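Below you'll find the structure, written out as structure tokens, and then a few comments.
The values are calculated or read from the model by the stated rules, or taken from the named source; none is laboratory data. Every value quoted in this text rests on a predicted model; they were computed, and no experiment measured them. All Cβ positions, glycine included, derive from the backbone under ideal geometry; neighbour counts span all protein chains shown. Note: accessible area is taken over every heavy atom of the protein model, side chains too, but ligands, DNA and RNA are not part of it. Shrake-Rupley method; radii C 1.70, N 1.55, O 1.52, S 1.80 Å.
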Amino acid sequence: MYNVENLKFKYKKTDEYILDNVSFSLKKDKLNVIVGLNGSGKTTLFDCLTSVLKPESGQIQFPRYHDILYLTQTLFFSYELKGKDFANFIMRLDNKAKIKDPSSLASEEHPDEIQLLSKLWNRKIGKMSLGERRWLFVFFLTKIDKPLYILDEPTSAVDPISRLKIIEKMKQLIASGKVCVCSTHQLQDLLFEDCHIIFLHQGKIKYEGSFYDWLEINETQNPDIAFERMTKEIAL
Amino acid sequence: MRKWFAFFIINLKMILLEKVVYLWTIILPVVLAIGQSAFLKEVEPVFFLHWFWVYIMISSFLNGVGLQLAELKEYGLLKTFTLVAGSKLYAIWGLIASQIVYSMISLSVFNIIVGSYYGVFSIKMILISYVGLLILSIPLSFLFLLIPLIPAKNSSMNTLLNLIMYPLFVVSISDVILKFGLSYVQLLNPFKLASEVMVLISSFFSLEIRVQQYTLLEMMLMVMLYLIIGIICIKKINLLSVIQRQ
């Protein structure tokens with residue numbers, strides 16, 4: 001499976017390592033989740049994994065960058081475009097035929113998703129909620145067939161219903177044999193999911209393993225408290 | 001081919017839907033050209049109009065290629081789309097192609113309105129502006145690929161570069177720099193180079209015969225310089241924003 005060993009990275013003109021001997025493995029049958037404080041190096045890690053940044057040293061046994069779907073945090077797009085414009089843009093990028101009607105996807109997608117897609121199809125991106133917009137982007141970008149999907153905070157600033165839909169989309173990817181890794185601050189969302197947690201703090205991996213073991217180690221059922229305890233413990 | 005076409009279609013749609021773009025590339029040149037009717041009595045119609053064709057082209061490629069690419073980079077989309085498409089070149093060529101089509105639309109509307117207003121409209125006039133556009137589109141686009149490399153916020157660059165455009169446009173017409181014997185400095189001004197190329201094309205189509213200020217070789221060397229700048233920039237443009245985290 002995909003793994004990283006002793007990855008080191010620092011930006012030019014700085015002495016401090018953003019990633020300092022980072023090692024971890026991704027699990028194929030679980031949702032891999034990178035957690036950590038803001039500024040802990042999550043996005044830098046993703047940029048290194050996708051060859052956007054060149055690490056100073058270390059081994060990255062990952063697919064080549066064009067075999068990775070990397071969904072970045074910020075999804076700016078012209079608000080004047082409609083859902084169908086974005087959908088067909090992605091279809092063309094992936095050398096697939098143009099979609100004329102969302103109902104044509106009924107055989108491969110869940111009825112709830114087709115219903116939401118039909119609602120957003122002719123709606124301008126500027127008229128969609130942030131959650132709808134993000135779900136639409138995740139929905140179409142994850143239709144691109146890749147062995148590995150990296151999603152940087154896909155549920156950030158998104159309402160609970162859209163968050164559930166985005167998580168469901170990631171679970172579908174895993175069920176279809178793909179490897180999926182995301183970062184998030186919404187730890188409560190992970191309570192009912194089968195997750196492999198990679199805890200990144202100050203550029204180092206402080207925990208890697210099952211989500212429930214992580215809660216147990218921190219003697220709580222509340223992931224936010226576990227997170228707080230772990231960061232405090234490290235600081236001490 | 002399909003990936004390049006994806007960027008072309010989405011960019012063209014974005015340009016045509018953003019109504020504020022029409023203000024800079026169509027409405028402003030039309031208003032300026034109609035407002036300068038006294039000037040038309042002193043020069044041939046095509047010579048008068050070519051300055052505005054150049055303005056339309058430079059405004060389109062500055063905003064639609066240079067600044068748009070800088071914006072895609074700033075918001076992290078260049079990173080996502082390059083990884084999806086497999087190369088940043090698809091995004092760059094898609095942007096350039098969409099701006100060529102949009103400039104053709106702008107030039108057509110401008111020529112029809114202003115040409116009809118002054119009673120000088122002809123199909124030949126439109127064709128000359130198209131030939132000029134096709135020749136200048138790649139060098140101008142390549143020059144503006146410098147913009148995504150500038151370590152500044154896109155909104156600041158947008159305001160600043162669009163403000164600088166007007167004095168450069170005026171200087172290229174007034175030839176004030178030539179009075180100081182700095183003719184090669186003047187040729188560095190993209191408005192001047194584009195203007196000289198347009199005059200050369202107009203002369204070729206026998207619409208007018210005017211004395212060129214620069215030789216064909218000098219113009220070709222400057223075009224080569226723009227192309228070299230562009231090629232270096234394409235290699236240098238990385239996918240990360242220089243001013244914000246993504």
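Data table
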read-out: When the range B:1-142 is reduced to its Cα atoms, the Kirkwood hydrodynamic radius in Å; value: 15.9 Å
read-out: The range A:127-236: chymotrypsin sites (Phe, Trp or Tyr not before Pro) in DSSP loop, at most 15 other beta carbons within 10 Å; value: A:F192
read-out: Compactness of chain B, expressed as Rg and Dmax over alpha-carbon positions, Å; value: 18.2, 55
read-out: Relative contact order for the range B:1-131, counting Cα pairs under 8 Å that sit 6 or more residues apart, in percent; value: 39 percent
read-out: Contact surface B-A: accessible area buried, both sides summed, square angstrom, 1.4 angstrom probe; value: 2900 Å²
read-out: Within chain A, helix-based [θ] at 222 nm, where runs of 4 or more DSSP H residues each add -39,500 (n - 2.57), nearest 500; value: -10000 deg cm²/dmol
read-out: J(HN,Hα) series, the range A:7-12, from Karplus relation 6.51 cos²θ - 1.76 cosθ + 1.60, nearest Hz, glycine and proline x; value: 6, 10, 8, 9, 6, 4
read-out: Beta bridge orientation in the range A:103-233: antiparallel %, DSSP, nearest 5; value: 55 percent
read-out: Long-range amide H partners of A:H196 with built H, under 5 Å; value: A:L31, A:N32, A:V33
read-out: Only Lys, Arg (+1) and Asp, Glu (-1) charged, at Cβ; the protein assembly as shown dipole about Cα centre in debye; value: 800 debye
read-out: Accessible surface, 1.4 Å probe, highest first, among residues A:E16, A:E113, A:E228; value: A:E16, A:E228, A:E113
read-out: Local net charge near A:L93, Cβ-Cβ under 10 Å (Lys/Arg +1, Asp/Glu -1); value: +3
read-out: Whole-number Å³ per residue for the convex hull built on Cα positions in the protein assembly as shown; value: 164 Å³
read-out: Mean separation of Cα contacts under 8 Å (6+ apart) over length of chain B, as relative contact order %; value: 29 percent
read-out: Of the GluC sites (Glu not before Pro) in the range A:185-223, those whose Cβ has at most 11 other Cβ within 10 Å and which sit in DSSP loop; value: A:E219
read-out: Using a Förster distance of 45 Å, the FRET efficiency for A:K171-B:L163 (Cβ separation, nearest 0.05); value: 0.30
read-out: Antiparallel content of DSSP bridges confined to the range A:37-196, in %, to 5; value: 10 percent
read-out: Spin-label zone in the range A:73-110 - amide nitrogen under 20 Å from a point set 7 Å from the Cα of A:Y65 along the C-beta vector; value: A:73-76, A:93-95
read-out: With DNA, RNA and ligands ignored, accessible area of B:V185 (1.4 Å probe; Å², nearest 10); value: 70 Å²
read-out: Residue with peak Gaussian network fluctuation, chain A [Cα springs, cutoff 10 Å], from A:S57, A:S107, A:S210; value: A:S107
read-out: Chymotrypsin sites (Phe, Trp or Tyr not before Pro) restricted to the range A:48-93 and DSSP loop, no more than 14 other C-beta within 10 Å; value: A:F76, A:Y79
